[in-house]
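The values are calculated or read from the model by the stated rules, or taken from the named source; none is laboratory data. Just so you know, these numbers come straight off a predicted model, no measurement behind them. For neighbour counting, all protein chains shown are included, and Cβ atoms are generated from backbone atoms with ideal geometry for every residue, glycine included. Areas reflect the complete protein model, heavy atoms only, side chains present, ligands, DNA and RNA absent. Shrake-Rupley method; radii C 1.70, N 1.55, O 1.52, S 1.80 Å.
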Amino acid sequence: MDPFTATGEWLRCSLHAHTTASDGEAPPAALAAHYERAGYDVLATTDHWHVTQVASDGIVVIPSCELNATLPNGRDGHVLAYGIPELPERREPFASLAAAAEWIDGTGGVAYLAHPRWTGAGVREVLDAPALRGIEVFNAGCEIECSRGLAGDYWDDLLAHGRPCFGLATDDSHMPGFDSGHAWTLVRARERSAAAVLDALRDGTFYASQGPEIHALEIDDGVTVTTSPCASVALIAGPHDGGRVNAGRLGLRHRGAILARDADGALLRTRLERPRAGGWSRLEISDGRGRRAWTNPLRL
């Protein structure tokens, strides 16, 4: 699904945050109020093994959960379960990522792999879990804690295996005010409701960001993207493929061109050539502060 041509409204979503119902510092209502004040439209409460309900007349709250699954060699994997109505009867880790995702999908929920670089989940484990809709490409809490929050290369390995999963950017907030407001997912939803956001998460009708905005995306014999002022635009594809355009006097333009700049020379509209080999690729935007935005995979 293409969020840039879909109908509906853009909703700024916090899709990984914890309350005092598990290991967060803010009570549920206070966390919802915190994100509403920060300009978010949607909050998914993802407490560990607890579906936290929050009544709110402002921000849309999606009661969700973070579940555990056993990885090979006994490691602990975490799966985000969006919109599940209740917890599993047995409150113990699932036997695998695949088993957790299948259970979530069977309840009508939506499953995403949390912070794969922090837990050390292998690519093979995602390939063997078809019910996983995607991964966290960026988890701010893990990045702040130990620089293990960025999973772009992991995502690329999945795409190279033909697995076109989606990518979220999240806070994983436990201490709002310190580890909140660093990343979000921009969902194109048919309406402002939990059901519409869950459908968008199933379909990939969103993009992820730490700050840069993607306003439009056009695909023909190349890829043209319109953004907020940024320092670089990269089309990431297979090995020795793709391209990148950089702003600045000495900015390299590899297999791409600048179509529009702002008064300070930042990129506003950029065109990149299609990858030579075709297949799956994705766009990654960076602004002057090093913050990134990511499209979901593009079939070119």
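Quick notes on this structure:
- Test: residue in the range 230-238 that is surrounded by fewer than 19 Cβ atoms within 10 Å (Cβ to Cβ) and either at pLDDT below 95 or closer than 19 Å to residue 156 by Cα (or both): yes
- Identity of the residue in the range 173-232, of a type in the set (Gly, Ala, Ser) and in a strand (DSSP E or B), that ends up farthest from the chain's Cα centre (by Cα): 222
- Test: residue in the range 65-80 that is closer than 17 Å to residue 195 by Cβ and either over 23 Å from the mean Cα position of the chain (by Cα) or at pLDDT 95 or above (or both): no
- Residue ID - farthest from residue 80 (Cα to Cα), chosen from residues in the range 132-181 that are among the small types (Gly, Ala, Ser) and in contact with a Cys (Cβ under 7 Å, 6 or more places away or on another chain): 149
- Scan of the range 256-300 for residues that are among the acidic types (Asp, Glu) and closer than 27 Å to residue 139 by Cα, ordered by number: 284, 287
- Failed condition for residue 242, given (1) open to solvent by 10 Å² or more (accessible area, probe 1.4 Å); (2) on the phi > 0 side of the Ramachandran plot: (1)
- Listed by first and then second residue, the pairs with beta-carbon distance under 6 Å, at least 6 apart or on different chains, first residue in the range 58-84 and under 11 Å from residue 101 (Cα atoms), second surrounded by fewer than 17 Cβ atoms within 10 Å (Cβ to Cβ), are 68/76.
- Selection count, the range 132-151, where residues are hydrophobic (A, V, I, L, M, F, W, C) and open to solvent by less than 10 Å² (accessible area, probe 1.4 Å): 6
- Whether a residue is open to solvent by 20 Å² or more (accessible area, probe 1.4 Å), under 22 Å from residue 150 (Cβ atoms) and in contact (Cβ under 8 Å) with a residue 60 or more places away in the chain was assessed, and residue 201 does not pass this test.
- Here 56, 22 are screened, and the one residue that is in a loop (DSSP other than H, G, I, E, B), open to solvent by 30 Å² or more (accessible area, probe 1.4 Å) and out of contact with any His (no Cβ under 7 Å at 6 or more places or on another chain) is 56.
- Qualifying residues in the range 25-50 (those that are assigned to a loop (DSSP other than H, G, I, E, B) and under 21 Å from the mean Cα position of the chain (by Cα)) - the one surrounded by the fewest Cβ atoms within 10 Å (Cβ to Cβ): 39
- Within the range 17-57, the set of residues being β-branched (Val, Ile, Thr), touching a residue at least 12 places away in the same chain (Cβ under 8 Å) and closer than 21 Å to residue 114 by Cα comprises 19, 42, 45, 46, 51, 52.
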